[in-house]
Amino acid sequence: MPIRLDSRTSTIVRATIREWARAVHPTGTTVPALGPAEVERIFTRIIGELLELAGSEPFPVPAARAIGRRLAESPFDRTRMLAPASRALLGLAPGEPGSLIATRWPFIASQAIDSYAEALQQRALAQQERSLSEAVSVRVQEIAALQTRLRHEATHDALTDLANRSLLKERVRLMATDPVRGVGLLLIDLDDFKQINDGYGHSVGDEVLVTIAQRLRATCPPETVISRYGGDEFVVALPARRNALGELAMRVLAALCEPVYTAAGPVPASASVGTAFCPPGRDCDFPNLLRSADRAMYSAKTAGKRQFAVSELDPEEVDSDAPGPRFAAVAG
């Protein structure tokens, strides 16, 4: 049954509601989606519910706190209202002195305000936690990106972005675990690259190296690791069968024999290639495999450049003092 207020209390309540609404909805500002009249209507309902609680039994602490929590919800969730709400509710003195409402109102109002303040605190902490979580997430992403970049820089050549020696060796070690395919190696040396640096300058030489790296990426199979091994030497390693190396070497020679267009104009380019192969199931000694490819590459140079030569890795080649491998030079 609705509580009946005496005229004095009704006047005080109306004045309190208007003052509260003016504090929350001052001239020139707005509560989202609400006008002044709607704000007053909501405050009238809130104070009316609290007055009902003050005049009812049993003592309604949970209900009063529930009303207080509503002040932290929409449409007032983005409104600074704790101070005016405290003044309005704690400053209200309803009922005749000594009446049930007058006696119990301060406690009911304080429970509502305390619950409202607690809800604001929880919301602020939740927002802070979300902000902190977002900041931590951003920082974690930045650190992960930095670590990825540093790992990449530690394993790749700065000019061509190809694998460096350490990454090449690691990838060859993993390839050697393939029980079906062996490890194929191509050692590629650009022909007369010193003349390019001397005749055109080192910046043009760098342009040539970058273009050669791009052509190697476009020519080699996806599983290939391509390394700038040093200066104008490149090493290509891939899991393969022996008969696939000659075909790949021919494609590489064809890709690298075209002129490179630089800031200084077209620059002639070509390469000599040596191949080596370690069969599956055999202990793959990378330095020996590389030496075999290097000897084959020099055989191609001696035979007139723009060619490749094939080296077979025999069991005796595991011993670095063993005789050199067999070669077969093929015209480019």
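The set of residues in the stretch 74-100 that are within 15 Å of Ser56 (Cβ to Cβ) and either modelled with pLDDT of 90 or more or crowded, with 21+ Cβ neighbours inside 10 Å (or both) comprises Pro94, Gly95.
Restricting attention to the stretch 271-308, the residues that are acidic (Asp, Glu) and part of a helix (DSSP H, G or I) add up to 1.
For every residue, the table says whether it meets (1) farther than 24 Å from Gln307 by Cβ; (2) out of contact with any strand residue (DSSP E or B) (no Cβ under 7 Å at 6 or more places or on another chain); (3) among the aromatic types (Phe, Trp, Tyr); (4) not in a helix (DSSP H, G or I).
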| position | (1), (2), (3), (4) |
| --- | --- |
| Ala124 | yes, yes, no, no |
| Gln128 | yes, yes, no, no |
| Gln147 | yes, yes, no, no |
| Leu150 | yes, yes, no, no |
| Thr160 | no, no, no, yes |
| Leu174 | yes, yes, no, no |
| Thr177 | yes, yes, no, yes |
| Leu187 | no, no, no, yes |
| Gln214 | no, yes, no, no |
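Pro266 satisfies every condition listed in (1) touching a Phe, Trp or Tyr at 6+ places or on another chain (Cβ under 9 Å); (2) surrounded by fewer than 21 Cβ atoms within 10 Å (Cβ to Cβ); (3) of a type outside the set (S, T, N, Q); (4) part of a strand (DSSP E or B) except (1).
Are there any pairs, at least 6 apart or on different chains, whose C-beta atoms fall under 8 Å, with the first in the stretch 53-75 and closer than 13 Å to Tyr116 by Cα and the second open to solvent by 90 Å² or more (accessible area, probe 1.4 Å) and modelled with pLDDT of 90 or more, and if so, which? Between residues of the stretch 53-75 that are closer than 13 Å to Tyr116 by Cα and residues that are open to solvent by 90 Å² or more (accessible area, probe 1.4 Å) and modelled with pLDDT of 90 or more, there is no close pair. Identify the single condition in (1) out of contact with any Asp or Glu (no Cβ under 7 Å at 6 or more places or on another chain); (2) over 17 Å from Ala276 (Cβ atoms) that Gly182 does not satisfy, given that it satisfies every other one. Only one criterion is unmet by Gly182, namely (2). Picking from residues in the stretch 142-180 that are touching a helix residue (DSSP H, G or I) at 6+ places or on another chain (Cβ under 8 Å) and among the basic types (Lys, Arg), the one that is most open to solvent (accessible area, probe 1.4 Å) is Arg173. As an exercise: evaluate Arg65 against (1) modelled with pLDDT under 90; (2) closer than 19 Å to Arg87 by Cα; (3) buried (at least 18 other Cβ atoms within 10 Å of the Cβ) and give the number of the one condition it does not meet. Answer for Arg65: the failing condition is (1).
Working only within the stretch 193-215, note down all residues that are farther than 17 Å from Asp157 by Cα and surrounded by 14 or more Cβ atoms within 10 Å (Cβ to Cβ).
Once the filter is applied, which keeps residues that are farther than 17 Å from Asp157 by Cα and surrounded by 14 or more Cβ atoms within 10 Å (Cβ to Cβ), the stretch 193-215 yields Phe193, Ile196, Asn197, Tyr200, Gly201, Val204.
The values are calculated or read from the model by the stated rules, or taken from the named source; none is laboratory data. In this text the structure is predicted, and so the values were computed from the model without any measurement. Using ideal geometry, Cβ is built from the backbone for each residue, glycine included, and neighbour counts are taken over all protein chains shown. What goes into the accessible areas is simple: the full protein's heavy atoms, side chains included, and nothing from ligands, DNA or RNA. Shrake-Rupley method; radii C 1.70, N 1.55, O 1.52, S 1.80 Å.
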